[in-house]
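To keep things clear, I will list the structure first and then write my remarks on it.
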Amino acid sequence: MNEPLIFDSHAHYTDPAFDPDREQVLAALPEQGVARVMLAASDLVSARAGIQLAAQYDYIYTSVGIHPEEAGRVPADYLETLEQLLACRKVHAIGEIGLDYHYPGYD
C-alpha cells in the first residue's frame with residue numbers, strides 16, 4: 001500500500017517563526033508524505049514572500065490576498081499590485097481574504 005500524499009492547503013511558512021529552521025522544515029516535508037503545499041498570504045508582504053519561497057521548491061505554491069484585518073494598511077494601488085502578483089506562475093489561489101467565520105464579527 002502506498003503512503004498517502006498530503007496536500008497542506010493552508011500554510012504560513014513565510015512567518016518569521018520559521019526563520020531559524022525554515023529550510024530544514026521545508027526540505028523534510030516530502031519524506032513526511034507532504035506532496036504539495038499552498039502558502040496563504042494575508043498582505044502584500046506575505047504575498048511577495050510566498051512567491052519567493054514557492055520559486056525555490058517544486059512542491060510549494062502560493063496565494064496572494066489581503067485579509068480584512070490588514071485592509072486598513074494597504075496602499076491605494078493594492079489591487080493593481082495583486083493583479084501583477086497573480087501573474088506569477090506559482091500563484092494558484094487568491095487568499096487569504098477573510099472568508100473565515102471562526103472569529104466573531106466575520107459573519
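No value in this document is a laboratory result; all are computed from the given coordinates. In this text the structure is predicted, and so the values were computed from the model without any measurement. Reconstructed Cβ throughout: ideal geometry from the backbone, glycine too, with neighbour counts over all protein chains shown.
Odds and ends about this structure:
- Ranking of Glu70, Glu31, Glu96, Glu83 by count of other Cβ atoms within 10 Å, fewest first: Glu31, Glu83, Glu70, Glu96
- Taking all Cα-Cα distances within the stretch 10-64, those exceeding 18 Å account for 23%.
- Mean silhouette area of the chain, derived from the convex hull of its C-alpha atoms and averaged over all directions, reads 8.2 nm².
- Helix 44-56 axis, angle to the chain major axis (alpha carbon atoms, nearest 10°): 20 degrees
- Neighbour counts of other Cβ atoms within 10 Å put Asp58, Asp8 in the fewest-to-most order Asp58, Asp8.
- With contributions of -39500 (n - 2.57) from each DSSP H run of at least four residues, the per-residue ellipticity at 222 nm computed over the chain stands at -8000 deg cm²/dmol.
- Ranked list, fewest to most other Cβ atoms within 10 Å of each Cβ, for Phe7, Phe18: Phe7, Phe18
- Modelled this way, with points 7 Å down the Cα-to-C-beta line, the labels at Glu80 and Ala17 are 3.6 nm from one another.
- Cβ charges +1 (Lys, Arg) and -1 (Asp, Glu), total dipole of the stretch 6-94, debye: 220 debye
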